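Here is the structure we will look at, set down as structure tokens.
The values are calculated or read from the model by the stated rules, or taken from the named source; none is laboratory data. Not measured: the values here are computed from a predicted model. FYI the Cβ positions are ideal-geometry reconstructions off the backbone, even for glycines, and counts take in every protein chain you see. Please note that ligands, DNA and RNA were not included when accessible areas were found on the heavy atoms of the full protein model with its side chains. Shrake-Rupley method; radii C 1.70, N 1.55, O 1.52, S 1.80 Å.
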Amino acid sequence: MAKHTHTLQFNFTGGIISPGKLLELLELLDDATVTHVRFGLRQQLLLDVPDKSLANFIASCNARQIRFSDTPNILSSYPAADIFTSNTWLTEGVYKDVFNQLDYQPALKVNICDSRQTFVPLFTGHINWITSGSLHYWYLYLRPPGSQELFPWPELVYTNDIATVSRKAELLLLQGVSPDIAYQDIKNTSTYISKEKDKEPDFLPFHLPYYEGFNKHHNSYWLGIYKRDEDFSTAFLKEICILCMETRIGQLYATPWKSLVIRNIDTAHRRLWDFILGKHGINVRHAANELNWQVEDNCEDGLILKRHIIRYFDIADVRTYGLCFSVRVFRPASLFGNIVIRKRENPQGSRLKYMQRYDILYTADFNANTGSLIPYRENVSKEHLGPYVSSLCRLFYEQSSKTDTLMNFVNEQRTLAQPDHKEYILHQCTNCYTVYDPVAGDPAHAVQPGTPFSEVPAIYTCSVCDAGRDDFKEIKNTDLLFRG
């Protein structure tokens, strides 16, 4: 059947949504008989407008200075700021300074990300800016269109020059200039502030924080909303916008997981949010193994495949912590994931569903931030995807368990329990009683030995039960009830 709608894209720079602006757009959609919208992988809004309503709808939007775009949205880790990151110089103000610099519509994908978070993919852009340990200096990685190869910029670049370097790098990449030649050209013809890299970046291992439901943060809540079918009703979103404006919440956030985050919900107002969620039948506690997927925008076949594999995960009770899956039907180069299910070309152009086959691949060392893919199984039928992907998940944990973390922990506790050991402060998980020792750190979770608990990242979780950092309490080593 012919499609009788036209898809429009509205870009929320960096994922920041004004409730008032969104409400205005949603009210215009009512007139165009649009009842549902979707969020995209690059924090944008996707609208399917009926052809018969398209001209009037666009005219109404133009009259209100609402502009649609056919270029990629600027993606950022702004939604993770403060709730999934801490001890960082990339504040909300710095994000907005960078966005204000980028006062043009990039034709290539630009990512602005904090290196201290794992909520937003770092390298899914063509021009990828990532914070360094030096105040206001950034790593830059270029990825030519259609390629998975990353070129690391040889220098750190100062915040104020992000727009200048981005614009010139984009022009050269679009002309087909290789990244190394682009660097030489920009270095020779432009003036920008830079400094030598003091070290190569050491990015955190991928771990997707649970981003759904109500979560306590300081004296308020943040709420994450995910929809299994990716469709958000306009009626639901309108009530969210109205509630935000009535309770003085100035921003909403679109995420790269096609979900929505609302922050700074006052404790006294939580009942109002519960009312709206209940009224519209919104579930906010899906299983974690359903949240860690990247499926192409406007891809119903990809969603069907995702649901098929998740059903097997549920039946087999498969653990997926630390993993991210991507389904590539149209085979894009920039979809994020350390396990990839990729559709093969149908044999002899057959359209028969039972003839469709898939390849299963994974990234080197299961590093989600690399584009280097290793084949695991090829030419797999849909019915066999669940067992094979589950087997690959087990391989991930087998590789992660080469170091006997438990015995290392036991030996450390025995050392601490010695009578002549000096008294000092430890932190213990209140759920499973695992102890964090600053002397040993937690290298398996990217916390180096010698790291005080006060400097442990906010996204840190217990190595045994995955409890959050806030679930650890301060104790003295002499208080341990361990016996060797």
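Structural remarks
- Approximate shape of region 1-95 as ellipsoid semi-axes (Cα gyration tensor, √5λ), whole Å, largest first: 30, 14, 11
- Each 10 Å bin, from zero up to the one with the longest distance, holds this percent of the alpha carbon pairs of the chain: 4, 17, 26, 27, 18, 6, 1, 0, 0.
- Extension gain for Thr33-Phe330 works out to 103.9 nm (0.36 nm per residue, less the C-alpha to C-alpha distance).
- Ligands, DNA and RNA left out, the accessible area of the chain computed with a 1.4 Å probe is 49% carbon and sulfur.
- Of all DSSP bridge pairs formed entirely within the chain, close to 80 percent run antiparallel.
- Value of relative contact order over the chain, rounded to a whole percent, pairs C-alpha under 8 Å and six or more apart: 12 percent
- Over region 207-279, Cα pairs under 8 Å with separation of 6+ residues give a relative contact order of 35 percent.
- Estimated inter-spin distance, Ser86 and Ile282, nm [label 7 Å along Cα→Cβ]: 2.7 nm
- R0 of 30 Å, Cβ-Cβ distance Arg357-Ser391: FRET efficiency to nearest 0.05: 0.95
- Full extension of the chain between Tyr104 and Asp202 gives 32.1 nm of extra length, using 0.36 nm per residue less the Cα-Cα distance.
- Using the Cβ-Cβ distance between Lys96 and Glu246 with R0 set to 30 Å, the FRET efficiency from 1/(1 + (r/R0)^6) comes to roughly 0.80.
- Each peptide in 188-197, 293-302 gets a packing score, the mean of other Cβ atoms within 10 Å over its residues, and the list from highest to lowest is 293-302, 188-197.
- Per residue accessible area in Å² of region 356-400, where ligands, DNA and RNA are left out and the probe is 1.4 Å: 48 Å²
- The label-point distance for Arg344 and Asp180, in a model that sets each label 7 Å from Cα toward Cβ, rounds to 3.6 nm.
- Surface accessible to a 1.4 Å probe, per residue, for the residues of region 172-319, Å²: 49 Å²
- On full extension, the segment bounded by Tyr192 and Ile425 gains 79.3 nm, given 0.36 nm per residue less the C-alpha separation.
- Solvent exposure of region 1-135 amounts to 38 Å² per residue of accessible area, where only protein heavy atoms count and the probe is 1.4 Å.
- Shape call, region 193-326: gyration tensor on alpha carbons, a/c limit 1.5: oblate
- A simple spin-label model places pseudo-atoms 7 Å from Cα toward Cβ; at Ala59 and His218 they are separated by 4.7 nm.
- Judged by the mean number of other Cβ atoms found within 10 Å, the most tightly packed of the peptides 316-324, 7-15 leads the ranking 7-15, 316-324.
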